[in-house]
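First the structure, in the form of structure tokens, and then the observations on it.
Nothing in this text is a laboratory measurement; each read-out follows from the coordinates by a stated rule. If you're wondering where the values come from, they're calculated on a predicted model, not measured in any experiment. Every residue, glycine as well, gets a Cβ built from its backbone with ideal geometry; the counts of neighbours run over all protein chains shown.
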Amino acid sequence: MLAAGDNRKHGGNGGYDDLPSEHYSWDSSVPNHGKPAVGDVIAVRDKKSLLGISVIEDIELGDDTKKVFKCPNPGCGKSDFQPRKTMSPKYVCLKCGHKFDDRVEGSKDVITYRSRHAAAWVDMHGVLTADEARALCDSPTTQHSIRSMRWERLRDAIAATGAPTTVDIADSAQRAISGGHKHVTVRARVGQAAFRLHLLKAQGEVCAFTGPQPAAVLEAAHLYSYADTGEHHESGGLLLRRDIHRLFDLGLIAVHPKTMTLDVAGQLAGYPLYASLHGALPEAPIRPKHRSWLKAHWALHRQG
């Protein structure tokens, strides 16, 4: 996916609202718009470099009326034009070559798409250049903002750089989602804000695994599959720092059901901040009901 900044505007449209580490937006006027799917690895780049990789947890659909702009040449009317930075007239049509200052404005009904992929996001800024990432696409010479790519090729290219980063989180998330455990990853839930407020009142501003933290970075982590029950159990949640929450949801951090100590997966051994948690006791009280949920979480990620 190409996230070019400035709301991804070009001559023919009004732009898209992107936050690369969390969501990516597009609509049915974009080539390949229907191909991204839940469980796909998503690689986001800008015009200079690869920004990061993740796995699509969810794709939100909607309807909208989109503002579009067209070439004023009566024989053209296409939207494939770009602004010129220093030359006049301001625009040049890439289809017919017509140069102009005033675009023809119109509108069209579109289906909107927004991927959600915050849970497994791994920053890759600068690991590969934009040209290196583009060359790995199935069709590297197209100008489309959404292009297909083999995950194995990208994975190998990242590993070959020797950069201090990991692709294992994406692999783990893809296996979880593809295996039917889509709701293991972080996603918006009805009533989540009230559930978080309840946990803050009951547990204080404390990450259950790392200790006191500002409330702004604490999230309500479900210890059970909310998607299966549709309910918020008062004893079924702990407050976790956002990055710890992601790793917990992916099973890269778990709690041993016998010792009640933190178990950090080997994929995180190269990250001292997380590796130091291995074998430590939780910083918040673990209630009997918590133990039941944590045992189920362990069975899914350590025994499954």
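Were the residues from ALA280 through LYS295 laid out at 0.36 nm apart, the gain over their Cα-Cα distance would be 3.7 nm. With kT/(6 pi eta Rh) evaluated at 37 °C and eta = 0.692 mPa s, and Rh the Kirkwood radius from Cα pairs, region 6-169 diffuses with a coefficient of 189 µm²/s according to Stokes-Einstein. By the rule of a C-alpha distance below 17 Å, with chain neighbours fewer than 8 residues away ignored, the aspartates and glutamates paired with LYS201 are GLU219, GLU234, GLU283. Here LYS70 is the anchor, and the lysines within straight C-alpha reach of less than 21 Å, apart from those fewer than 8 places off in the same chain, are LYS9, LYS78, LYS85, LYS90, LYS95, LYS99, LYS108.
Sorting SER145, SER29, SER54, SER107 by the number of Cβ atoms found within 10 Å of their own Cβ, with the fewest placed first, yields SER107, SER29, SER145, SER54. Computed from point charges on the beta carbon alone (+1 for Lys and Arg, -1 for Asp and Glu), the dipole magnitude for region 6-169 about its Cα centre is near 900 Debye.
Based on C-alpha pairs under 8 angstrom that are at least 6 apart in sequence, region 65-175 has a relative contact order of 20 percent.
Ranking of LEU281, LEU94, LEU136 by neighbouring Cβ atoms within 10 Å, starting from the fewest: LEU281, LEU94, LEU136.
By the rule of a C-alpha distance below 20 Å, with chain neighbours fewer than 8 residues away ignored, the lysines paired with LYS295 are LYS182, LYS258.
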